[in-house]
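Asker: Shown below is the structure under consideration.
Laboratory data are not the source of any read-out in this text; all were calculated from the coordinates shown. Bear in mind that the values here come from a model prediction, so they are computed numbers and not experimental data. Reconstructed Cβ throughout: ideal geometry from the backbone, glycine too, with neighbour counts over all protein chains shown.
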């Protein structure tokens, strides 16, 4: 078996980076000025624009639908294969200059409220969609991807990708604070155990290890400062620009590096002995210095 060198293994690790440089920002501005872009900008409750590393993903109710990647002379547009009802390999299909693939085109789909996406909004995705509709927080990111060292013995890849569900700005005490949130249905078996610690604890601790890494903290501060400025420059979420400005001004104190757990549904969905499971979960989070879980009752969401 050929062994990877340390340098080859390190290349699998990607430092966290987000934000649009000047060139990419202006190309994205052009897209947002099209008829498709205006529909997306006018309805932030349904469409979420998430800024990546010099490209954007557009989400519909929490589902990634369109990727817009600026190139030297144009933007490469792609749609998730399943939303265009196309079988085959690879998640995304490249769109032509009319933002179409075969009989599918983006403008028609936006005008029809992307009905082809709705069947895929199930389980935790449905809960996240409800949260996005009901939340008073300001969404900055979905599916926050980062790299962690692969703990499996003899793994082919030294590092693997992990994802935190949400990054949102809260203003509970008047000051903006960016929080990283993992969302789970209360029926998820990782939340409970008869003895020991529930599996979700390991997941949350892994997230916190990433967020507490001194190098990655610098990357997170720089990335989300850039994203907030991108939102201002692109006239996205204009009603929140004063909060973005305050966030940027005090960026060193504007990020909570301790991840939060959002639990969706009713505690009874944890099954038999749900009160005991709930107490064990809450105690495990507290003992390990994590926040108490947030609760979203899906029955009372619009």
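Asker: Mind ranking 283-293, 35-45, 61-71 by how tightly packed they are, going by the mean number of other C-beta atoms within 10 angstrom, highest first?
Answerer: 61-71, 35-45, 283-293
Asker: Could I ask something else about it? Can you put 212, 116, 204 in order of Cβ neighbours within 10 angstrom, beginning with the fewest?
Answerer: 212, 116, 204
Asker: If you take the square roots of the eigenvalues of the alpha-carbon gyration tensor of the chain and sort them as a ≥ b ≥ c, do you get rounded (a/c under 1.5), prolate (a/b over b/c) or oblate? Don't skip to the answer; put the middle values down first.
Answerer: On the way: a/c = 1.40, a/b = 1.30, b/c = 1.08.
Since a/c stays below 1.5, the shape of the chain is classed as rounded.
Asker: Suppose each label sits 7 Å from its Cα in the direction of the beta carbon; what would the residue 298-residue 115 distance come out to in nanometres?
Answerer: Placing both labels 7 Å beyond Cα along the Cβ direction yields 2.4 nm.
Asker: For a label point 7 angstrom out from the Cα of residue 197 toward its Cβ, which stretches of the stretch 209-228 have the backbone nitrogen within less than 14 Å?
Answerer: 209-210
Asker: Under a plain spin-label model, where a point goes 7 Å from the Cα along Cα-to-Cβ, how far apart in nm are residue 74 and residue 268?
Answerer: Output for this residue pair reads 5.6 nm.
Asker: When the helices in the chain are scored as -39500 (n - 2.57) per DSSP H run of 4 or longer and the sum is shared across all residues, what 222 nm value do you end up with, to the nearest 500 deg cm²/dmol?
Answerer: Rounded to the nearest 500, the figure is -10000 deg cm²/dmol.
Asker: Dividing the Cα convex hull volume of the stretch 50-175 by residue count, how many Å³ per residue is that? If you can, show how the numbers build up before the last one.
Answerer: Numbers: hull volume 23.1 nm³, N = 126.
So the per-residue hull volume is 183 Å³.
Asker: To make sure I understand, if each residue's beta carbon is the centre and we count other beta carbons within 10 Å, what order do 80, 131 fall in, fewest to most?
Answerer: Fewest-to-most ranking of 80, 131: 80, 131.
Asker: Turning to a different aspect of this structure: Return the FRET efficiency for the residue pair residue 85, residue 38: r is the Cβ-Cβ distance, R0 is 41 Å, and the value is rounded to the nearest 0.05.
Answerer: 0.95
Asker: Moving to a separate point now. Distance in nm between label sites at residue 276 and residue 23, each 7 Å beyond Cα in the beta-carbon direction?
Answerer: 6.2 nm
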